[in-house]
């Protein structure tokens, strides 16, 4: 690894550590205000609010890596989570554009809650959109804008909603939200997927931070109106105790859309976290979505009820974190 890259990595983790002191002071100052806000907070996820987050994300338009839309989304998320009391960091690097070869600036976004904790868990999603709806059968339709409501937007909306509960939530470990860039920076097939998760996982492995992630959950395509989330095979094999704990949380909160049987075997961002970073991570995904990589992957194809149910599962999971099997 080059010296400049090592310096950049050190700065990333050092900035996160330096923020702990300021965030703790800030949290103390607003403790009473937070208490009042929590008293007014609904008992569970708000269907209209989480769907509103999805609409807000999609109103930006395509959020392709390195685009103005992505920059606009990043600023929106920074403001949202900062206002809730979290600390937001960007992990930046360059990658060559698949067509032109010109450098494109990529940015993973890390949102930290309870940053003083050295034992942490990770909730993540990708927040970029595919450049084109290339699963459309008609080639002309492949030139339409791809909004990515479910594929790219739904995980973002769930984490935005979940953030409303994190400031005062009693948890045993620190919690980080991680938004991966360039999950599918694909302009032609075949292409290289999962750039953001692979970069994060490699840096985590090669330049370990002063804390560790005990486990993680990846949220991908969780807003389908006809929601049905099966256990993904790679997740069950690589992170079985995490997978079991998520479905146990779904059962505990009465979300029947989580089906405790295995179905799809998928390559997704969780593979890098498991295989490179060594963070046992489960992929929560409804892959039976009819508008996958098509132009009609729009908010109208998604449901606030589905988003709220997934948020409720993750809210319970955070408060009942699993213990790794011996």
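Brief remarks on what is shown
- Cut-off 12 Å, label 7 Å out along Cα→Cβ of residue 71, residues of segment 101-122 by amide N: 105
- Rounded if a/c under 1.5, otherwise prolate or oblate - segment 256-326, Cα gyration tensor axes: oblate
- With N as its number of residues, segment 107-236 has a Cα radius of gyration that, divided by 2.2 N^0.38 Å, comes to 1.19.
- Structural size metrics of the chain, computed from C-alpha coordinates, are Rg and Dmax of 18.7, 57 Å.
- Efficiency of FRET from Cβ geometry, residue 207 and residue 292, R₀ 45 Å, rounded to 0.05: 0.80
- Taking label points 7 Å from Cα along the Cα-to-Cβ direction, residue 79 and residue 94 give a separation of 3.0 nm.
- Helix content alone sets the calculated 222 nm mean residue ellipticity of the chain: runs of n ≥ 4 DSSP H residues at -39500 (n - 2.57) each, divided across all residues, give -12500 deg cm²/dmol.
- Neighbour-count ranking [beta-carbon atoms within 10 angstrom, fewest first] of 125, 282: 125, 282
- Cβ-based exposure ranking for 200, 89, in which fewest neighbours within 10 Å come first: 89, 200
- Percent of beta bridges antiparallel (DSSP, the chain, rounded to nearest 5): 45
- Choice from 67, 249, 303 showing the highest fluctuation, given a GNM over the chain with Cα pairs closer than 10 Å: 67
- Taking other C-beta atoms within 10 angstrom as a stand-in for reagent exposure, 309, 173, 189, 256 fall in the order 189, 256, 173, 309, fewest first.
- When only alpha carbons of segment 40-149 are considered, Rg and Dmax amount to 16.9, 52 Å.
Values quoted throughout were computed directly from the atomic coordinates according to the rules given, and no laboratory measurement underlies them. No experiment lies behind these values; they were computed from the predicted model shown. Cβ: placed from backbone, ideal geometry, glycine included. Neighbour counts: every protein chain shown.
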